[in-house]
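First up is the structure itself, then whatever we jot down about it.
The values are calculated or read from the model by the stated rules, or taken from the named source; none is laboratory data. Everything numeric here is computed off the predicted structure, so don't read it as measured data. Cβ atoms come from the backbone with ideal geometry, glycine included; neighbour counts cover every protein chain shown.
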Amino acid sequence: MNGATKGAIVGGTLLAMLGGAGYGVYTLVGDSGDQGDGKKSSAVGAAAHTPEKGSGPVSEKEIAETAKAFLAAWAAGDAPAAAALTNNAQDARSAVADYKAKAYVAKAAITAGTPAGTTVPFTVAAEITYEGVTKPLAYESKLTVVRGITSGLPLVDWQPEIIHPQLQRGDKLRAGTPASPPVKAVDRNGKELTAEQYPSLRPVLDALRKTYGEKAGGAAGAEVWIEPAAQDAPKRSLLTLVEGKPGQIETVLDADVQAAAEKAVGRFAEASVVAVKPSTGDILAIANHRRDGYNAAVLGGRAPGSTMKIATAAMLLDRGLVAADKVAECPATVPWDGRTFKNLNGLKLDNEPFATSFAQSCNTAFIKQIKLVGDNAALPKEAREVFGIGEQWKIGIPSFPGEVPDASGAAAAAEYIGQGQIRMNPLNIASITATARTGVFRQPVLVKASLDGRDLVRAKRPMKPGVAAQLVRMMKLTATSGTGRGAMAAVGGSDKGAKTGSAEVDGAGSPDSWFTGFSGDVAAAAMVEAGGHGADAAGPIVAQVLNS
């Protein structure tokens, strides 16, 4: 076979190489079939593996043989044979075929590790060759062997991350010349922002490239990337094959605040934080520490718990139903429309002002006001018209602007305390805090609107100065003697405020931890999935960012 390269399976190691003139052919050595030169083709060897039908859990032998045969077929570029060894032949066949044809894999050494139960880990040391340029691409992945539901055969449980760990359902591994040229993003002071120095900015930089790459005057090179399933999502670059000419994009991020945010979220799993400048709406930092790499800080949507009480309090204050110094009932429980709402740890306050109920995060003090409000649309309207929640924010990259849907009965009551159908992310809550801090909604921006002339969302009605003053006063009380005291004690100065939140999630053992706060002209909000009470996990993140 002219130009064909050789591979071998030695022990648990599968070595496969793609060669050949023009097309390139995966071959393996050590199988027993004849290629015409005394050697067996790996495709024949892989196809020769015939699994036997069985029942019950897969055996160690079945796991080892199925994994070995699948990896051999994949390495050989034999998509039909590899696909036949999985429980999703259609998707597997396409992915294996694309590995060579569309990801331009020229060589791949796949090393199987020690099985852990039904899971077999492996490493891939690949070489990508595109238009005469070759670069290495190394990564780790794993596969799991299961019993076919209808066939009874041992099969690889097909998941896209088998081909590459960053692939999600519907994603594709691709190489070539991308449509969008690369960009060089800089912070508000001209300092370059790279994914190597600020890892959680990777999805942000990818999104900036998709939005502004062609407008920034750069020229595309060649690279390997993840093509996302969603058409509006940015490509995720994995490897540069040929350097392009990047165009420069000026952001309003602050490298020092970003560095602090990166470090802060690194202390907790599944954590996100955003910092904004209340006087301008500039986004100073976006950071995530997540296994899936998702930019939950600006795209996520989860119930924000009691951090939503900032907006609820604004609505109640605006209607004159409560006042910071006015006594508000805070019983241990309160019923509404067939559901009983209660406070954390049986909290009950007697003859205390509403400011104390806010600072101590008394749920019932808010629920008690629903009958007096007499309008289920009051909170959604306040969130939208005063805080800009749910409007079409244009921050410079895709973002989710929050959602406070219309509800009735107990569901409407739950929204008063940030539960129910409300969906927020740290960007939304940081913006709510910034609005409360100044009394003016300024739509958050990552890139100044003047760069591309986009229109920013404006509040439909202003917050009354008296409402803003009381919100700031109550948030300061929360930071100094309320539920946020412990976390905010680390933040210097007296001009600081906070609000804690714990959001119950169906099926989760612990609630999501939420915390938001301000210090001077910086507002920040953080969320840690299943992190517990707001002050326990999200609180220290916000404090660390505010201290930067």
Item to check | Residue count, the stretch 160-218 (criterion: surrounded by fewer than 19 Cβ atoms within 10 Å (Cβ to Cβ), within 25 Å of residue 105 (Cα to Cα) and of a type in the set (Asp, Glu)) | outcome: 2
Item to check | Output for the stretch 263-287, where each listed residue is more than 14 Å from the chain's Cα centre (by Cα) and either within 16 Å of residue 430 (Cβ to Cβ) or in a strand (DSSP E or B) (or both) | outcome: 264, 275, 276, 277, 278, 279, 280, 281, 282, 283, 284, 285
Next on the checklist: Show me the strands (runs of 3 or more DSSP E) entirely contained within the stretch 139-257 in which 2 or more residues are polar (S, T, N, Q).
Outcome noted: 236-242
Checklist entry - Quick check, is residue 371 more than 30 Å from the chain's Cα centre (by Cα), among the basic types (Lys, Arg) and either under 23 Å from residue 476 (Cα atoms) or assigned by TED's automatic domain parsing to the domain that holds residue 440 (or both)? => result yes
Checklist entry - Pairs under 6 Å by beta carbon, first residue in the same structural domain as residue 478 (by TED's automatic domain parsing) and closer than 18 Å to residue 285 by Cβ in the stretch 431-457, partner of a type in the set (S, T, N, Q) and at pLDDT 95 or above, six or more apart or different chains? => result 433/516; 444/431; 446/251; 447/251
Next on the checklist: Need the failing condition index for residue 299 against (1) closer than 28 Å to residue 193 by Cβ; (2) buried (at least 24 other Cβ atoms within 10 Å of the Cβ), just the number.
Outcome noted: (2)
Checklist outcome for this item: Within the stretch 219-255, of all residues that are hydrophobic (A, V, I, L, M, F, W, C) and closer than 13 Å to residue 206 by Cβ, the one farthest from the chain's Cα centre (by Cα) is 249
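Under 28 Å from residue 277 (Cβ atoms), without any contact (Cβ under 8 Å) to a residue 60 or more places away in the chain, hydrophobic (A, V, I, L, M, F, W, C) and in the same structural domain as residue 264 (by TED's automatic domain parsing), is that true of residue 535?
yes
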Checklist entry - If we keep just the residues of the stretch 150-181 that are farther than 15 Å from residue 96 by Cβ and among the β-branched types (Val, Ile, Thr), which is farthest from the chain's Cα centre (by Cα)? => result 150
Checklist entry - So which residues in the stretch 407-422 are among the polar types (S, T, N, Q) and surrounded by 18 or more Cβ atoms within 10 Å (Cβ to Cβ), if there are any at all? => result 419
Next on the checklist: of a type outside the set (Phe, Trp, Tyr), surrounded by fewer than 24 Cβ atoms within 10 Å (Cβ to Cβ) and more than 25 Å from residue 540 (Cα to Cα): which single residue out of 256, 318 fits that description?
Outcome noted: 318
Checklist entry - Within the stretch 60-91, restricting attention to residues that are among the polar types (S, T, N, Q) and in contact (Cβ under 8 Å) with a residue 12 or more places away in the chain, which residue is surrounded by the fewest Cβ atoms within 10 Å (Cβ to Cβ)? => result 88
Item to check | Residue pairs meeting the criteria (Cβ under 9 Å; at least 6 apart or on separate chains; first over 14 Å from residue 431 (Cβ atoms), in the stretch 288-302; second assigned to a loop (DSSP other than H, G, I, E, B) and among the basic types (Lys, Arg)) | outcome: 289/267; 296/290
